[in-house]
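The values are calculated or read from the model by the stated rules, or taken from the named source; none is laboratory data. Model, not experiment: these values are computed from the prediction. Neighbour counts are summed over all protein chains in view; Cβ atoms, including those assigned to glycine, are modelled from backbone coordinates with ideal geometry.
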């Protein structure tokens, strides 16, 4: 158990190019997660079913349904969230990981989820001690996935974060 390290040296670029094709399926990670998390998705023609054009998200953070339509003004309604925000990860051990491990963390489907854009923006880089999904029915999965990601990449938790996660997980079936 440690405190949060400073953000010194953190940039998004420390985690590699945004939305790399780490699984080498020809689609970037953002579109892989949209295709995984949206229902009734359609794809932009000529993209080998890679670029998601439309779909419906059963948003786990809010418990609402959001219609996704790709476009300059509409795409932000659904964002891809890092459950462990990259700057939070940086402050809790990721700065000690190699570049390839950080790239894997940034593109790991376990750490990624399509989410309501405004809710994701409100979450920012907060951890479980300072932000939890408004949809209480999702909190068990949220805490479990955060715990799994932290363990997979040897990231630490603060005491307050540990207490918040343990409290949530203790109430789960």
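If we keep just the residues of the range 128-144 that are surrounded by 17 or more Cβ atoms within 10 Å (Cβ to Cβ) and in contact (Cβ under 8 Å) with a residue 60 or more places away in the chain, which is nearest to the chain's Cα centre (by Cα)?
Checked the range 128-144; the qualifying residue nearest to the chain's Cα centre (by Cα) is 142.
Determine the pairs where a residue that is at positive phi and surrounded by 14 or more Cβ atoms within 10 Å (Cβ to Cβ), located within the range 17-33, has a partner that is modelled with pLDDT of 90 or more and part of a loop (DSSP other than H, G, I, E, B) with Cβ atoms under 7 Å apart, the partner being 6 or more residues away or on another chain.
19/28
Results for (1) in a helix (DSSP H, G or I); (2) at pLDDT 95 or above, shown as yes or no for each residue.
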position: 7; (1), (2): no, no
position: 13; (1), (2): yes, no
position: 42; (1), (2): no, yes
position: 48; (1), (2): no, no
position: 53; (1), (2): no, yes
position: 60; (1), (2): no, yes
position: 84; (1), (2): no, yes
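Looking only at the range 64-71, decide whether some residue is touching a strand residue (DSSP E or B) at 6+ places or on another chain (Cβ under 9 Å), farther than 27 Å from residue 136 by Cα, surrounded by 16 or more Cβ atoms within 10 Å (Cβ to Cβ) and free of Cβ contacts under 8 Å to residues at least 24 places away in the same chain.
For the range 64-71, residues touching a strand residue (DSSP E or B) at 6+ places or on another chain (Cβ under 9 Å), farther than 27 Å from residue 136 by Cα, surrounded by 16 or more Cβ atoms within 10 Å (Cβ to Cβ) and free of Cβ contacts under 8 Å to residues at least 24 places away in the same chain: absent.
Could you check the range 47-65 and list, in sequence order, the residues that are touching a helix residue (DSSP H, G or I) at 6+ places or on another chain (Cβ under 6 Å) and farther than 26 Å from residue 24 by Cα?
Those that are touching a helix residue (DSSP H, G or I) at 6+ places or on another chain (Cβ under 6 Å) and farther than 26 Å from residue 24 by Cα: 60, 61, 62.
Can you pull out the residues in the range 96-116 that are in a helix (DSSP H, G or I), surrounded by fewer than 19 Cβ atoms within 10 Å (Cβ to Cβ) and over 9 Å from the mean Cα position of the chain (by Cα)?
The answer is 96, 99, 100, 101, 103, 104.
Please work out if residue 44 is surrounded by fewer than 19 Cβ atoms within 10 Å (Cβ to Cβ) and either touching a strand residue (DSSP E or B) at 6+ places or on another chain (Cβ under 6 Å) or closer than 29 Å to residue 162 by Cα (or both).
Yes.
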